[in-house]
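Asker: Here's a structure for you.
The values are calculated or read from the model by the stated rules, or taken from the named source; none is laboratory data. It should be emphasised that the depicted structure is a prediction, and the values quoted were computed from it without experimental measurement. Cβ sites come from the backbone with ideal geometry, for glycine too, and all protein chains shown count toward neighbours.
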Amino acid sequence: MLTLFGNRRHRFCDGVSRREFMRIGALGFGASMLTLPDILRAETAAGKPAPSSHKAVINVFLGGGPPHQDMWEIKTDAPSEIRGEFKPIATNVPGIEICEVFPRLAQMMDKCAVIRSVVGAEDRHDAYQCYTGWRFNELRVLGGHPSIGAAVSRLQGPVDLSVPPFVGLAAKTSHVPWSDTGTPGFLSGAYGAFKPDGPGMANMRLGEIPLERLKDRRSLLAGFDRLRRDADATGQMAGMDAFGQRALDVLSSSKLVDALDLSKEDPKIVERYGDGKPYNYQYDGAPTCNDHLLIARRLVQAGVRCVTLSYGRWDSHGANFDLVRDHGGKLDQGLSALIEDLEVHGMLDDVTVIAWGEFGRTPRINAQAGRDHWSQVSCALMAGGGMKTGQAIGETNRLGEYAKVRPVHVQEILATLYHNLGIDPTTTTIVDPTGRPQYLVERGPLVELV
């Protein structure tokens, strides 16, 4: 196989070098091991030309279920066994208060919207609903519903042929569903997420040719010619077609690799995001990789339409308040830096950022100072995307048990993300393997935001 070796100094939070290698045989776009020419054929079959500019979504999954009453709606009037330890702080939007561990986000609430009354979730420890809007068993016989990244890949295709439209940055987790980046569902694996820390990068090898020698595109083509001659002797690469040539275009471009390389970023910007270390309360979940938030912005700049990432392990059955202080403070730094960064780069109106988990936590604090699973209500924070921000939408009752004002269904949030991407969720369908058109979701976007 072919390997592109590069600078090993800068590594992902799980130890994989950002510029270490790329593999040609199978890019790992989704669950299937498809060759890059296969993927390009699928894109051509979709018949979608690449536009000159694009909208994008950065979907931050707070795996484990963050405590809704300790995030964006502190229950000051509840009894102590429900209220907990946190105090609310004022934001720069009069009348909106959030948890004290988010002081940076509080000062840019005019650019955000908090949703305090998310309903429709099921008690499952995975990102499936946050990425599709559907319950896990719906259409399971066909592989399930496509995630938003996969659907966007199918409907809109790549912005740039050398950059995948859908990238998943989730670090590997012991509880595997928490590192889900969003599956293609009933769609082909060609529409799944490209994973820089997975087989798509880890298995692409170009002999022993260093990356520095491949800056000249002709050097890359020469390397392929040698590989083709060797492989042709066994009949493995007979008839390299136009799609193979486009595969070379992808591999000879530096856009994707450069986007993943933070050594090319202003050190002051890197410092502003922070690294999220030390990784406390991680256990079987994701680390608090703040650098993934910065990489997400760089990927969108390079042409990616949808970036998903898993941030932290919020399953706070014990030591809930210590965990939220740790994870919340780091998320406050990283998310505020991302929103600020997108605005500075003139991207905030085009890029929607969302941070949310699979469900909320119990109103009553347990004997281990923790909160248990609570699927009746949860919360979300959204920013950018040209939305009407500076709002707090919905409200739970005094004890944080259920949505009292304006319940917001999970599908309404997904519909809003699709709307912000320029896709009408009320009319757009994708044909499933049986030939039946399937709607992306069954509800419309939040009227308060669009």
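Asker: Listed residues ARG364, ARG443; which is surrounded by fewer than 19 Cβ atoms within 10 Å (Cβ to Cβ) and either hydroxyl-bearing (Ser, Thr, Tyr) or on the phi < 0 side of the Ramachandran plot (or both)?
Answerer: The conditions single out ARG364.
Asker: Moving on to the next point. Any residue that is assigned to a helix (DSSP H, G or I), closer than 17 Å to SER316 by Cα, touching a helix residue (DSSP H, G or I) at 6+ places or on another chain (Cβ under 7 Å) and among the basic types (Lys, Arg) - is there at least one of those in the range 330-341?
Answerer: yes
Asker: For the range 130-172, which positions are β-branched (Val, Ile, Thr) and not in a loop (DSSP other than H, G, I, E, B)?
Answerer: Across the range 130-172, the qualifying residues are THR132, VAL141, ILE148, VAL152, VAL167.
Asker: Assess whether LEU142 counts as being surrounded by fewer than 16 Cβ atoms within 10 Å (Cβ to Cβ) and at pLDDT 95 or above.
Answerer: Answer is yes for this residue.
Asker: Turning to a different aspect of this structure: From GLY312, GLY274, GLY328, GLY318, which residue is at pLDDT 95 or above and either farther than 22 Å from LEU105 by Cα or of a type in the set (S, T, N, Q) (or both)?
Answerer: The match here is GLY318.
For every residue, the table says whether it meets (1) under 25 Å from ASP126 (Cβ atoms); (2) at pLDDT below 95; (3) of a type outside the set (A, V, I, L, M).
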| site | (1), (2), (3) |
| --- | --- |
| GLY360 | yes, no, yes |
| GLN368 | yes, no, yes |
| ALA380 | yes, no, no |
| THR389 | no, no, yes |
| HIS409 | yes, no, yes |
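Let's see how each residue does on (1) part of a loop (DSSP other than H, G, I, E, B); (2) in contact (Cβ under 8 Å) with a residue 12 or more places away in the chain; (3) touching a helix residue (DSSP H, G or I) at 6+ places or on another chain (Cβ under 7 Å); (4) among the small types (Gly, Ala, Ser):
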| residue | (1), (2), (3), (4) |
| --- | --- |
| LYS277 | yes, no, no, no |
| ASP284 | yes, yes, no, no |
| LEU348 | yes, yes, yes, no |
| THR352 | no, yes, yes, no |
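Asker: Would you mind finding the one in ILE82, ILE98, ILE74 that is among the β-branched types (Val, Ile, Thr), surrounded by 18 or more Cβ atoms within 10 Å (Cβ to Cβ) and in a helix (DSSP H, G or I)?
Answerer: ILE82
Asker: If I filter the range 381-416 down to residues being in contact with a helix residue (DSSP H, G or I) (Cβ under 6 Å, 6 or more places away or on another chain) and outside any strand (DSSP E or B), which single residue comes out as surrounded by the most Cβ atoms within 10 Å (Cβ to Cβ)?
Answerer: So the residue we want is GLY400.
Asker: Can I ask one more? Working only within the range 100-140, note down all residues that are of a type in the set (Lys, Arg) and touching a Leu at 6+ places or on another chain (Cβ under 9 Å).
Answerer: ARG104, LYS111
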